[in-house]
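Q: Here's a structure for you.
No lab work stands behind these numbers, since they all come straight from the coordinates. Quantities reported herein were computed from a predicted structural model and do not represent experimental measurements. We place every Cβ from the backbone using ideal geometry, glycine too, and count neighbours over all the protein chains shown.
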Amino acid sequence: MSERYQAVHFAHAPGAKLSDVSAFSRTEAEAARAFHRSIPGYAPTPLADLPCLARELGVARVLVKDESFRFGLNAFKVLGGSWAIARALAARLGLDPKEMTYERLTSDETRTRIGEQTFVTATDGNHGRGVAWTAAKLKQRCIVYMPKGSSLERLENIRALGAEASITDVNYDGAVEMARETAERLGGTLVQDTSWPGYEDVPRWIMQGYTTLALEACEQLNGEIPTHVFLQAGVGSMAGAVAGFFASLWGDERRPAVTVVEPEAADCVFRTASAHDGTIHSVCGDLSTIMAGLACGVPCSLGWEVLRDHADHFVSMPDEAAAQGMRILGAPCGTDPRVISGESGAAGFGLFAQAMRDPSLAWLKESLGLNERSRVLCISTEGDTDRANYRRIVWDGAWSSARE
């Protein structure tokens, strides 16, 4: 099984010119967080400290940012969608983004000025739910396309918010194209976390929204800088945002070593890193993996620009790594807190745990520089957003590589 793990290491030469990460600076993160703080029910999500597990795995510290508590939506994605919509409406209203609070965004005055709006997106579940939730608060129309094989539970969660949502017969990237065409035809706003030439403002705003979780984690660390951070990638927007924030905050000399992980069936960022030829590389086909939120075939160009220069390792891994991560976090060691982490949420942690526990992955552990002094930070980006599948994996130790 170890041959199904592939890794690429990027060595950055001292003094090399690196991509600009000012868009993900502390100042920009604090602006996004100020907006999120204005939303009723905001609270920083927990940073779970797992000292017993750290001893078990042979490292100094294990910390997991638990995004299952985010606004009652069980995932982090609402951070990006809500901030992007706020920025888009601020631009339309001629307002400074710092003036765009939740109260102002949802006021009768704003609704009168913007009229009937349509927000369109493609999603495997969590992003679409966040966009639909924001649109519902605005009392506006929302259309959501989901790729074939998407979870019915995730579909119904989106519909429950009043959105027009459907599961298509195409993969994720095909659903993105459907969303783009619909937004263009209806004169709506496409809220997508992947970018292409001519469509970069909204994806950048979404990425900036994600820095709220990185800023919270930084404050919860109380001045401690992790040695390693593991970030899962679909299109790479969350990974790029968090890596960019840490690089901006601590500089490339002091920041953690960043490892980006993906499912082997949808490892477009890994393939782009492996080729290292200055172009984006895609993955086609059904993208069959239990990590539904990571089943994306085309990297976000904005995210890749950051990861190319501010990440260190790119790993393609089998589904079993994420499944093992779900089980370990769900069955805590000693007095450690329990973290309910879904298939995509546990991907980064799962890869780290497998590297520490599986003797056949000693080469990977060594390549990542993991040892008894390592202080590891992982982001659990979702809880059990597909409860039936969560139980199938955690209770029964069984899963299908095809999304059901």
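Q: What 222 nm value per residue comes from the helices of the chain, counting each DSSP H run with n ≥ 4 as -39,500 (n - 2.57) and dividing by all residues, nearest 500 deg cm²/dmol? Write out the running numbers ahead of the final one.
A: Numbers: 16 runs with 176 residues, N = 404.
My calculation for the chain gives -13000 deg cm²/dmol from helical runs alone.
Q: Also: Counting Lys and Arg as +1 and Asp and Glu as -1, what is the net charge of the other residues whose Cβ lies under 13 Å from the Cβ of Glu28?
A: Numbers: positive: Arg26, Arg33, Arg87, Lys98, Arg204; negative: Asp20, Glu30.
So the environment of Glu28 carries a net charge of +3.
Q: Among [x] 0.91; [y] 0.96; [z] 1.44, find the value of Cα Rg over 2.2 N^0.38 Å that was calculated from the structure presented, and write down its label.
A: Matching the structure shown: [x].
Q: What is the distance, in nm, between label points placed 7 Å from the Cα along the Cα-to-Cβ direction at Trp363 and at Ala275?
A: In this crude label model, Trp363 to Ala275 measures out at 2.4 nm.
Q: Now for a separate question. What is the set of long-range amide H partners of Ala165 at a cut-off below 5 Å, with H atoms built 1.01 Å from backbone N?
A: Here the answer is Val144, since their amide H atoms fall under 5 Å of that of Ala165.
Q: Assign one of three labels to the stretch 209-334, namely rounded, prolate or oblate, based on the Cα gyration tensor with a ≥ b ≥ c the square roots of its eigenvalues; rounded applies when a/c is under 1.5, prolate when it is not and a/b is larger than b/c, and oblate otherwise.
A: oblate
Q: About its Cα centre, how strong a charge dipole does the chain have in debye, to the nearest 20, once Lys and Arg get +1 and Asp and Glu get -1 at the Cβ?
A: Details: 40 positive and 51 negative charges, 160 e Å.
Dipole of the chain, to the nearest 20 debye: 760 debye.
Q: Separate question: Quick one: Karplus J couplings for the stretch 17-29, per residue in order, coefficients 6.51, -1.76, 1.60, θ = phi - 60°, nearest Hz, x for Gly and Pro?
A: So the J values, rounded to whole Hz, are 6, 10, 5, 6, 10, 5, 5, 10, 6, 4, 4, 5, 5.
Q: For the stretch 96-229, count the residues as N, evaluate 2.2 N^0.38 Å, and divide the Cα radius of gyration by that value, please.
A: Relative to the 2.2 N^0.38 Å estimate, the stretch 96-229 comes out at 1.18.
Q: Here's a follow-up. Longer than 29 Å from Cα to Cα, which of Lys17/Lys65; Lys148/Lys365; Lys98/Lys148; Lys77/Lys98; Lys17/Lys77 are they? Say none if no pair is.
A: Result: Lys17/Lys65; Lys148/Lys365; Lys98/Lys148; Lys17/Lys77 exceed 29 Å.
Q: A follow-up question, please. At 7 Å along the Cα-to-beta-carbon direction for both Lys148 and Ser2, put a label point, then send me their distance in nm to one decimal.
A: 3.8
Q: Give me the extension gain from Asp49 to Arg185: residue separation times 0.36 nm, minus the current Cα-Cα distance, reported in nm with one decimal.
A: Numbers: separation 136, 0.36 × 136 = 48.96 nm, distance 4.83 nm.
That works out to 44.1 nm of additional length.
Q: So, counting K/R as plus one and D/E as minus one, what does the shell of residues with Cβ under 13 Å around Gly81 add up to? Kindly include the intermediate steps, with their values, before the conclusion.
A: Details: positive: Arg70, Lys77, Arg87, Arg129, Lys137; negative: Asp193.
Neighbour charge sum, excluding Gly81 itself: +4.
Q: Which of Lys65, Lys139, Lys17, Lys365 has the fewest other C-beta atoms within 10 Å, and how do the rest follow up to the most?
A: Ranking Lys65, Lys139, Lys17, Lys365 by Cβ neighbours within 10 Å, fewest first, gives Lys17, Lys139, Lys365, Lys65.
Q: How many percent of DSSP beta bridges within the stretch 39-150 run antiparallel, rounded to 5?
A: Of the beta bridges lying entirely in the stretch 39-150, close to 40 percent run antiparallel.
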